[in-house]
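To keep things clear, I will list the structure first and then write my remarks on it.
FYI, it's all coordinate maths here, none of it is from the lab. Bear in mind that the values here come from a model prediction, so they are computed numbers and not experimental data. Because the Cβ atoms are built from the backbone with ideal geometry, glycine has one as well, and the counts that use them run over all protein chains shown.
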Amino acid sequence: QVQLVESGGGLVQAGGSLRLSCAASGRTFGGYAMGWFRQAPGKEREFVATINWSGGRTDYSDSVQGRFTISRDNAKNTVYLQMNSLKPEDTAVYYCAARGGTSLGYLLYDYPYWGQGTQVTVSS
């Protein structure tokens, strides 16, 4: 089992930045690939970014490519999502997720472990 706790959400103006953190506990963190997803009101949860076990491979959705950066610190059991140039359409609850194995994951069902989410609100 892996327990995940997100933090760092909040209210920011368009063009601003936030850094989300996801602290993991339980099994060996380095053995898990990680992902960030988001869910806006009335919409389905969608993929944002993913990172492999070592941090050497990452990938992003088209909507955040070039603005968001996913990273991890295995010594701290933490994965991060640096969000720059935020837009009102980035407003959502952001969730981190973990999956066993080393490969990237893009789909909800790729991930058995989820955090409780953190709210990000971008004002125009």
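Of all beta bridges that DSSP places with both ends in the chain, some 90 percent have antiparallel geometry.
Note on the chain: with a GNM built from Cα contacts shorter than 10 Å, the maximum mean-square fluctuation among Pro41, Pro112, Pro88 falls on Pro41.
Loop-resident GluC sites (Glu not before Pro) (DSSP state other than H, G, I, E or B) in the range 27-124 with no more than 11 further Cβ atoms inside 10 Å of their Cβ: Glu44. For Thr102 and Ser123, the difference between the fully extended length at 0.36 nm per residue and the C-alpha to C-alpha distance is 3.9 nm. Relative contact order of the range 41-113: what whole-number percent is it, with Cα pairs under 8 angstrom and at least 6 residues apart? With pairs under 8 Å counted, the relative contact order is 31 percent. With a cut-off of 15 Å between beta carbons, the residues surrounding Ser17 carry a summed charge of +2, where Lys and Arg count +1 and Asp and Glu -1.
Full extension of the chain between Gln116 and Thr69 yields a length gain of 14.8 nm, computed as 0.36 nm times the residue separation minus the alpha carbon distance. Its relative contact order, with pairs defined as Cα atoms under 8 Å and 6+ residues apart, puts the chain at 36 percent. Mean separation of Cα pairs under 8 Å and 6 or more residues apart, divided by the residue count, gives the range 78-124 a relative contact order of 50 percent. Dipole magnitude for the chain: computed about the Cα centre from +1 point charges on Lys and Arg Cβ and -1 point charges on Asp and Glu Cβ, it is near 240 debye.
Stretched out straight at 0.36 nm per residue, the stretch from Ser17 to Gln3 would grow longer than its current Cα-Cα span by 2.4 nm.
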